[in-house]
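Worksheet: one structure, shown below.
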């Protein structure tokens, strides 16, 4: 896609031009006025970085984050969208971009590099929010927490000099970031349409104009670093008591006063000359004002104020509608609401000289994405699939916005980005596959094709990254060259070869998860190593990608030396491998008696130290049990220790408590001592499954056939 170059008629990609506001109050890119057709995208930086899982809307089965970005952007181009709105930072602790003031996770920054580069290739512009009001990670409260002062609150973000300095440092770091793929600094990247200073800034019960004063300092600062890009605040658009517009706030008809106490004022917050355009958001369910009259009034009055008082373009940056059967928020209600919003927006945009220039909805789900369990899974509260009737309404609005784009008046002077030297890296591609080999301005940055999803490995194989290339290896039980892997008869027999009987003592070893098996993916973000996932996974323990069936979990066990049992949770799609069931036992610390320190009714004390494991913790070869990190849960402290503990005979005061999050906890049958139930045994190996192999450094003498006391626990 290109536009005529005003200086000579040459067609130049839109991606070479910065967005500006022209003298007519229209957004302009090159020599064309545009009406931004926006979609809001959550967890963009996480997806681009190759996060092994997303927490807001899941990764589709079998896809990586970079694949999701490419697919989503391709669909956006096909539907006619021109702008994506996203966050410049991760939104969960697993994927923090800034882990402390001035400390950054380079892998996460590269995720943003990737997203911006993919957008640039498709001529999609991006609005990026520097900071968020709501999220602990990358949000206002995290900056406050970093002070270490418990007396400081959300309000101090807007006035504390140290916190304000940290915000400025973050902004400077982002603007000066050099994209590792295309060599552009973010401040010189025309892919970026605009910056949001702070998504939905709130300062509850602060003095009027607290946020406006903050904007008055931060907006000029951003412009001093980056005069190329447009800038806005990114707020909802409430009015304070300092302006006579309270009747426009949500709930005004019923006497609600909370919006005027949130620290915002639509007029004052957009008054800075460094703010190029105004924004509003609309969340009628959250605001508990769901009437059609309010929704139309909310849009109409802000158009009037932007036109007559603020005198800047206006974008409805976010709006969405619940899907929640418990409050009768049905698909029909959502469709009705979207229809109202688009109708009112188009009515106002059709007015000659109207400042309303763009619309963005929340939230687009790709096929296969699922909402979080906190929102009931499925489409969650806000998810919209392309197959929904709602998306037809969205596409009609996109077509309307695009139809309003016209050539700019004669004499326009487009704002062109400086050229950046770059190299064509196609010669480094592996077997001619796009997105493989090397990238970067000098073609010296290795591409992990397994993370990017640009390999050609079969579904029943593992992609293994190498410098400048990759290889494909079929899982055990499958035969082929890696680009095609066919199942052997052993796959169908696998589940029947395991017993579902439980042991009377724990399996003391967590077996390191194998690489060439279902459930393995690379984790360039380092999130699993941080042990930050809600299910408590540790580095090397448990799957890093969803396990879709019990058979897949058992295949992983077959591939892991020393594995003799699995713990499989189909609800969470998690698989844990266990080994060494057995004669090994240590004595658990006894709980204190009532009234004694740490006991019931007694003073608190630190939980006792876990027992030390003996020198030879497993009955199998040491290499077959690489980690002794199985957890036990202390009876009274509910603390998890990274050592093993079995039931102790005739000691009724010791028991296994549930895991703190009730997610991943092995189930044991009642019993005493260290006896193990009679188990079905799988002698040798199934046809098509190779024997275990010891690490090559240990030599062939340690290779032995797999001999299962095949235990499985399904949670």
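The values are calculated or read from the model by the stated rules, or taken from the named source; none is laboratory data. A quick note: this is a predicted structure, and the numbers were derived from the prediction, not measured. Note: ideal-geometry Cβ built from the backbone for every residue, glycine included; neighbour counts use all protein chains shown.
Tabulated data for the structure shown
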| read-out | value |
| --- | --- |
| So residue 420, is it over 26 Å from the mean Cα position of the chain (by Cα), under 30 Å from residue 34 (Cβ atoms) and touching a residue at least 40 places away in the same chain (Cβ under 8 Å) | yes |
| Unmet criterion (only one of (1) modelled with pLDDT of 95 or more; (2) more than 30 Å from residue 443 (Cα to Cα)) for residue 208 | (1) |
| When residues of the stretch 367-380 are limited to those that are within 14 Å of the chain's Cα centre (by Cα) and either surrounded by 18 or more Cβ atoms within 10 Å (Cβ to Cβ) or not assigned by TED's automatic domain parsing to the domain that holds residue 52 (or both), the one farthest from residue 61 (Cα to Cα) | 371 |
| Count of the stretch 259-303 residues which are more than 31 Å from the chain's Cα centre (by Cα), surrounded by fewer than 20 Cβ atoms within 10 Å (Cβ to Cβ) and farther than 30 Å from residue 18 by Cβ | 9 |
| Residue within the stretch 209-223 that is out of contact with any strand residue (DSSP E or B) (no Cβ under 6 Å at 6 or more places or on another chain) and in a loop (DSSP other than H, G, I, E, B) present | yes |
| Filter result for residue 464 (part of a helix (DSSP H, G or I), modelled with pLDDT of 95 or more and within 19 Å of residue 522 (Cβ to Cβ)) | no |
| Tally, over the stretch 383-394, of residues that are surrounded by 16 or more Cβ atoms within 10 Å (Cβ to Cβ) and over 16 Å from the mean Cα position of the chain (by Cα) | 7 |
| Members of the stretch 26-43 that are under 19 Å from residue 310 (Cβ atoms) and in contact with a helix residue (DSSP H, G or I) (Cβ under 9 Å, 6 or more places away or on another chain) | 35, 36 |
| Residue tally, condition over 13 Å from residue 390 (Cβ atoms) and touching a helix residue (DSSP H, G or I) at 6+ places or on another chain (Cβ under 7 Å), over the stretch 304-343 | 6 |
| Extreme residue, nearest to the chain's Cα centre (by Cα), among residues of the stretch 118-141 that are crowded, with 20+ Cβ neighbours inside 10 Å and closer than 19 Å to residue 169 by Cβ | 138 |
| The stretch 87-117, residues that are surrounded by fewer than 22 Cβ atoms within 10 Å (Cβ to Cβ) and under 23 Å from residue 360 (Cβ atoms) | 92, 117 |
| Residue under evaluation residue 82, criteria (1) touching a residue at least 12 places away in the same chain (Cβ under 8 Å); (2) surrounded by fewer than 24 Cβ atoms within 10 Å (Cβ to Cβ); (3) over 16 Å from the mean Cα position of the chain (by Cα), criterion not met | (2) |
| Helices (runs of 4 or more DSSP H) within the stretch 263-332 that include 1 or more residues more than 22 Å from residue 222 (Cα to Cα) | 284-287, 292-305 |
| Residue list for the stretch 212-250, restricted to those being more than 27 Å from residue 25 (Cα to Cα) and at pLDDT 95 or above | 250 |
| Breaking point among (1) closer than 24 Å to residue 153 by Cα; (2) touching a residue at least 24 places away in the same chain (Cβ under 8 Å); (3) touching a helix residue (DSSP H, G or I) at 6+ places or on another chain (Cβ under 9 Å); (4) surrounded by fewer than 20 Cβ atoms within 10 Å (Cβ to Cβ), for residue 237 | (4) |
